[in-house]
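Right, one structure below, let's go through it.
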Amino acid sequence: MDDLGNPGLNDDPVVCVAETRSAEECAVEEDELPESQRRSRAVEEAVVAEVGGVSSFGTTGLICHDGVCDVARDGVMIYVDPGHLSQEFTRSLHDELLAFLEASLAGTGGHFGDRT
């Protein structure tokens, strides 16, 4: 199983939302994510695709849509800092994550939360 991680941000989303009072204003374009993260993610995704049969977990597909990564959704902060997800957001993924882990352990896993 491969952990593709979260889309890390350059700035603290909590500070941004506190200052602007707007989660939408603090959302980040995917192409503005740190370059080193984008490169390492591309390598990981290529390896997962080439090797085959590897279950992968990531949250980019759950956080980013149409090229934009949200910092909050439905009044819930997704992040607690530039690289860590909030407990409330993480808990909201419980059912999907549990199903993914059970499938992975049974050898029938796939991809959770990402576009791989």
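The values are calculated or read from the model by the stated rules, or taken from the named source; none is laboratory data. For clarity, every value in this text was computed on a predicted model and none was experimentally measured. Here Cβ is always computed from backbone atoms with ideal geometry, including for glycine, and neighbour counts include all displayed protein chains.
Computed values, structure above
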| read-out | value |
| --- | --- |
| Matching option when the condition is buried (at least 19 other Cβ atoms within 10 Å of the Cβ) and touching a residue at least 60 places away in the same chain (Cβ under 8 Å), among V71, V80 | V71 |
| Filter pass, S36 being under 13 Å from N6 (Cβ atoms), of a type in the set (S, T, Y) and either at pLDDT below 80 or in contact with a Phe, Trp or Tyr (Cβ under 7 Å, 6 or more places away or on another chain) (or both) | no |
| One residue from G8, G53, G107 being touching a Pro at 6+ places or on another chain (Cβ under 9 Å), modelled with pLDDT under 80, in a loop (DSSP other than H, G, I, E, B) and not polar (S, T, N, Q) | G8 |
| Among residues of region 83-116, those that are polar (S, T, N, Q), within 23 Å of V14 (Cβ to Cβ) and either within 12 Å of the chain's Cα centre (by Cα) or exposed (fewer than 12 other Cβ atoms within 10 Å of the Cβ) (or both), counted | 3 |
| Sole residue being of a type in the set (A, V, I, L, M, F, W, C) and touching a residue at least 12 places away in the same chain (Cβ under 8 Å), chosen from V17, V43 | V17 |
| Complete set of residues in region 56-83 that are at negative phi and part of a loop (DSSP other than H, G, I, E, B) | T59, D70, V71, I78, P82, G83 |
| Extreme residue, farthest from S104 (Cα to Cα), among residues of region 11-36 that are part of a helix (DSSP H, G or I) and of a type in the set (G, A, S) | A18 |
| Residue in region 58-68 that is farthest from G110 (Cα to Cα), counting only those that are under 9 Å from the mean Cα position of the chain (by Cα) and not aliphatic (A, V, I, L, M) | C64 |
| Matching residues in region 19-41 - criterion: being over 26 Å from H94 (Cβ atoms), surrounded by 10 or more Cβ atoms within 10 Å (Cβ to Cβ) and not charged (D, E, K, R) | T20, S22, P34, S40 |
| So S86, is it under 15 Å from N6 (Cβ atoms), of a type outside the set (F, W, Y), touching a strand residue (DSSP E or B) at 6+ places or on another chain (Cβ under 7 Å) and touching a residue at least 40 places away in the same chain (Cβ under 8 Å) | no |
| Index of the failed condition, R39 passing every other in (1) part of a loop (DSSP other than H, G, I, E, B); (2) under 17 Å from G8 (Cβ atoms) | (1) |
